[in-house]
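I have a structure here, written as structure tokens, and I will follow up with some questions on it.
Throughout, read-outs are computed from the coordinates displayed, never taken from laboratory work. Model, not experiment: these values are computed from the prediction. In this analysis, Cβ positions are derived from the backbone assuming ideal geometry, glycine residues included, and neighbour counts consider all displayed protein chains.
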Amino acid sequence: MKKIFTRSVPKEGRVYQSKINGQLELNWHKGKLMLDTKNVNYSYGALQSALAEGFIHIGKKKVRNFNNILVLGMGAGSVIETLRKKFKNEGKITAIEIDPVVVDIAKKYFKVDAFSQLEIVVADAFAFVKENKSNYDFILVDLFIDRETPQKFSSPEFLENLVNLIAAQGTILFNTVNIENEFTRRNEQMISFFEKSCAVEVLKEIEGGNDLILIKKK
Ligand SMILES: C[S@@+](CC[C@H](N)C(=O)[O-])C[C@H]1O[C@@H](n2cnc3c(N)ncnc32)[C@H](O)[C@@H]1O
């Protein structure tokens, strides 16, 4: 008899190896499937709740009306679910993800490509932001390799390209994990950079360890 292919994840979870992210784990928590790395939650767990708090701060009506959204760091796409289901947003979403293993997991186990108006681009967010000339009214920066955001994403070159992509009155939500002095310094430098052309607000220690930097173009 032909073997039936099953996409279900056993109770004890499932582990994948990726050249980019190292160990990727599918784990169950309170009946919900999540994507984790060896050390942190990537999608559909505390991370999803932290980003939802950021959206509530931006304002439900404003989030619902975002027309053109850029997600840098798609992971398994929990923020896309939040936008579509919790905030009833129907705008176009372009999601950038560097790791093809993560994209496969997002499609296979989290059905990310069932969301309408979603374009998934497998690319380095640094290069995408440099080469892209579109305008977005919302950009999420959620770029991590395990527990750290690669240093290039706090460089003046990246930050400048990022600000150039945001439309007038648009919003950037920059997710950071502020766990050590080095990261505190990095965040302070980024905030000083953004303050030159934007209004900046920081939501501290959301869901335990995330500092969300909210940047609004003046
Ligand atoms: C915390 S997860 C993103 C979670 C996602 N925003 C969500 O809502 O579920 C971080 C993601 O950033 C991706 N990433 C890291 N460096 C990247 C880069 N240079 N370009 C694009 N994606 C990158 C990782 O592969 C990982 O999937």
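Using alpha carbons only, how many degrees (0 to 90, rounded to 10) separate the axis of helix 156-165 from the longest principal axis of the chain?
That works out to roughly 90 degrees.
Round to a whole angstrom and tell me the spacing of the C-alpha centers of segment 90-148 and segment 19-84.
Segment 90-148 and segment 19-84 have Cα centres spaced 11 Å from each other.
What angle do you read, to the nearest 10 degrees and between 0 and 90, between the alpha-carbon axis of helix 181-195 and the longest principal axis of the chain?
The two axes meet at around 50 degrees.
Would you list Val71, Val141 from fewest to most Cβ contacts within 10 Å?
Ordered from fewest to most neighbouring Cβ atoms within 10 Å, Val71, Val141 come out as Val141, Val71.
Sorting Phe144, Phe138 on the 10 Å Cβ count, fewest up front, what's the list?
Final ranking by Cβ density, sparse to dense: Phe144, Phe138.
Let me ask another. What is the angle, in °, between the Cα long axis of helix 46-58 and the longest principal axis of the Cα atoms in the chain? Nearest 10 is fine, range 0 to 90.
Rounded to the nearest ten degrees, it is 40.
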